[in-house]
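Peer 1: Take this structure first; my questions come after.
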Amino acid sequence: MSASAKRPSSTHERPSVLPRRHGTRLRHYWRSHGWACHDNIDIDLLRWGLIEEAEDNALASCFRLTDTGRAALGDTVVHNRGTRSRHAQVVDGVARHLAGLGRLVFTELSVHTVDSTTDKARWAPCKPDVFSLTRSLRPDHLAPQVHEIKVRRSDLLGELRSAKIERYRELAAEVYFVIVEGIATVEEIPAEYGVILWRAEHGYTIARAAQRHDYQLETRHWMAMARARPFSADEDSIQLSF
């Protein structure tokens, strides 16, 4: 097969930012021997001129990146780093806001919760972006909250389709989705969850209060908090002491 037959003649349909699955596949071909998957993602990558078939006839159905593909992979890495950085900025902003209200805040908490998606219940790790408690010595005054941060629409919709959001309610009396303005409307998020709009200039705005649910923090929850380090807005954070 000639080189001209291997590459598509037009790349005008390629999006400026590759979809996540396409970027992942491109990274796979960069890191591996390029064994072809022969699915729609491969068709897109071929059509966009990002991959080509290997010229070595001894290798069956292998792809390698073109120069355009390498450039697109670099752009994807830069975009993903920017997205993660934006997510981290919003997490930090929400955590600082809650700490300023006097709450005890965790941004690296991992708790084993019950996964009910299988026929047989099993434990599964749950890692809320921001978990916080009222600083109180009375169990009925703790009012635990989960704030889940979403800066991309695809991540928000994927989480709403999964059963992961159900596990947040095991941890908290109230669960909020913090969404960057413009990625979704309040009505798209189920009514039992609160919605907070995050604007770069104005920060934290409650668009809809969360419904309050019953909760019961158990030993495993307290042990997870004991292993985690509370968020500290400054070196002398008052939340490190009661």
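Peer 1: Please compute the net charge surrounding Ala172, taking Lys and Arg as +1 and Asp and Glu as -1 over other residues with Cβ under 13 Å from its Cβ.
Peer 2: Every neighbour counted, the sum reads -3.
Peer 1: Right, something else. Based on the alpha-carbon gyration tensor of region 123-171 and its eigenvalue square roots a ≥ b ≥ c, which shape applies: rounded if a/c is under 1.5, prolate if not and a/b is larger than b/c, or oblate?
Peer 2: Since a/c reaches 1.5 and a/b is larger than b/c, the shape of region 123-171 is classed as prolate.
Peer 1: With θ set to phi - 60° and the Karplus curve 6.51 cos²θ - 1.76 cosθ + 1.60, what are the ³J(HN,Hα) couplings of region 194-211 in order, to the nearest whole Hz, using x for Gly and Pro?
Peer 2: x, 10, 10, 8, 10, 10, 4, 7, 10, x, 9, 9, 6, 8, 7, 6, 7, 6
Peer 1: Could you sort 86-95, 15-24 so that the peptide with the highest average Cβ count within 10 Å comes first and the rest follow in order?
Peer 2: The peptides rank, most packed first, as 86-95, 15-24.
Peer 1: What FRET efficiency comes out for the pair Leu137/Gln89, r = Cβ-Cβ distance, R0 = 25 Å, nearest 0.05?
Peer 2: After rounding to 0.05, the efficiency reads 0.15.
Peer 1: Using the Karplus equation 6.51 cos²θ - 1.76 cosθ + 1.60 (θ = phi - 60°), what ³J(HN,Hα) coupling, rounded to whole Hz, does each residue of region 220-225 give in order, writing x for Gly and Pro?
Peer 2: 5, 5, 5, 5, 5, 5
Peer 1: Let me ask another. Just want to confirm a number: the relative contact order over region 81-235, from Cα pairs under 8 angstrom separated by 6+ residues, in percent.
Peer 2: 22 percent
Peer 1: Scan around Arg208 for amide H atoms under 5 Å from its own, H built in the peptide plane at 1.01 Å from N, and keep only partners 5 or more places away or cross-chain.
Peer 2: For Arg208, the qualifying residues are Val195.
Peer 1: While we're looking at this one, here's another question. Output wanted: per-residue J couplings in Hz (rounded whole) for region 141-146, from phi through Karplus 6.51 cos²θ - 1.76 cosθ + 1.60, θ = phi - 60°, x for Gly and Pro.
Peer 2: After applying 6.51 cos²θ - 1.76 cosθ + 1.60, I find 10, 6, 6, x, 10, 10 Hz.
Here, each number is a calculation from the coordinates, and none is a lab measurement. For clarity, every value in this text was computed on a predicted model and none was experimentally measured. Virtual Cβ from ideal backbone geometry, glycine too; neighbours counted across all protein chains shown.
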